Amino acid sequence: MSASQSGISLVELMVIVSIIALTLTLGIPSFSGSRAKMQRTQALQDLTDSFALARSEATRRGVAVRVCASDDGATCTAANPPPWDHGWIAFTDVNQDGSLSAGADELIHARQFSAPAFTLTPDITLANGVLFGGDGLPSAAGQFTYCDNNESQVYALSLVGRFERLSSGAGCP
């Protein structure tokens, strides 16, 4: 009597489970590194784009445009210094009072990060935001330092409104 059996043996099943476990063990750390790199690239590109948009809108409209840190996507964060890693807004600041005034100012752009895995810290000259005058030039020059577990990068905003990377290195302490 010859009975044909189908399926896999316990030894074959254990080999398959071992291969899956090994693949996940090696693959997950590299995925988290890719995620951090993607978030770093996105955050810094978004900040670069926001400054370029604010500069061009100030020139186009002929009024001051401010970019400031924002926790809620609608108002400038009042903390001193405010954390930029949760997001920022760009708005016309007609009376140059540093806040989005209803009726007088217009929100141009908002960028928010719900659970940032990084810090974005400006130096003291840019802590409370950047004001681009009607000529498109910023009111001050300064630097932002981006930090996550893998890398740090320093970006500078020049007095002509150019925002560029100065250096990069190992993760921040």
* **Every residue from segment 149-170 that is under 16 Å from the mean Cα position of the chain (by Cα) and assigned to a loop (DSSP other than H, G, I, E, B)** => Asn149, Asn150
* **Any hit, segment 121-129, residues being of a type in the set (Val, Ile, Thr), in contact with a Gly (Cβ under 7 Å, 6 or more places away or on another chain), more than 19 Å from Ser56 (Cα to Cα) and touching a residue at least 12 places away in the same chain (Cβ under 8 Å)** => yes
* Asked: In segment 131-152, what count of residues is obtained for those that are in contact (Cβ under 8 Å) with a residue 24 or more places away in the chain and in contact with a Cys (Cβ under 8 Å, 6 or more places away or on another chain)?
  -> 3
* **Given (1) surrounded by fewer than 22 Cβ atoms within 10 Å (Cβ to Cβ); (2) more than 11 Å from the chain's Cα centre (by Cα), index of the condition Thr48 fails** => (2)
* To do: Enumerate the pairs (first residue in segment 72-95 and without any contact (Cβ under 8 Å) to a residue 12 or more places away in the chain; second residue anywhere and among the charged types (D, E, K, R)) with beta-carbon separation below 9 Å, excluding pairs fewer than 6 apart on the same chain, so at least 6 apart or on different chains.
  => Thr77/Asp71; Ala79/Asp71; Asn95/Asp105
* To do: Take segment 55-71 and flag every residue that is within 10 Å of Ala90 (Cβ to Cβ) and of a type in the set (Asp, Glu).
  => Glu57
* Asked: So which of Ala117, Ala74 ends up being small (Gly, Ala, Ser), surrounded by fewer than 18 Cβ atoms within 10 Å (Cβ to Cβ), assigned to a loop (DSSP other than H, G, I, E, B) and modelled with pLDDT of 90 or more?
  -> Ala74
* To do: Examine segment 60-69 for a residue that is out of contact with any Lys or Arg (no Cβ under 9 Å at 6 or more places or on another chain), touching a residue at least 12 places away in the same chain (Cβ under 8 Å), part of a helix (DSSP H, G or I) and crowded, with 20+ Cβ neighbours inside 10 Å, and state whether such a residue exists.
  => no
* Asked: Do we have Asp105 as out of contact with any Leu (no Cβ under 7 Å at 6 or more places or on another chain), at pLDDT 90 or above, in a loop (DSSP other than H, G, I, E, B) and buried (at least 19 other Cβ atoms within 10 Å of the Cβ) here?
  -> yes
* To do: Determine, yes or no, whether Tyr146 is at pLDDT below 95, part of a strand (DSSP E or B), in contact with a helix residue (DSSP H, G or I) (Cβ under 8 Å, 6 or more places away or on another chain) and more than 22 Å from Asp72 (Cα to Cα).
  => no
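The values are calculated or read from the model by the stated rules, or taken from the named source; none is laboratory data. Because the structure is a prediction, the values reported are computed rather than measured. Virtual Cβ from ideal backbone geometry, glycine too; neighbours counted across all protein chains shown.
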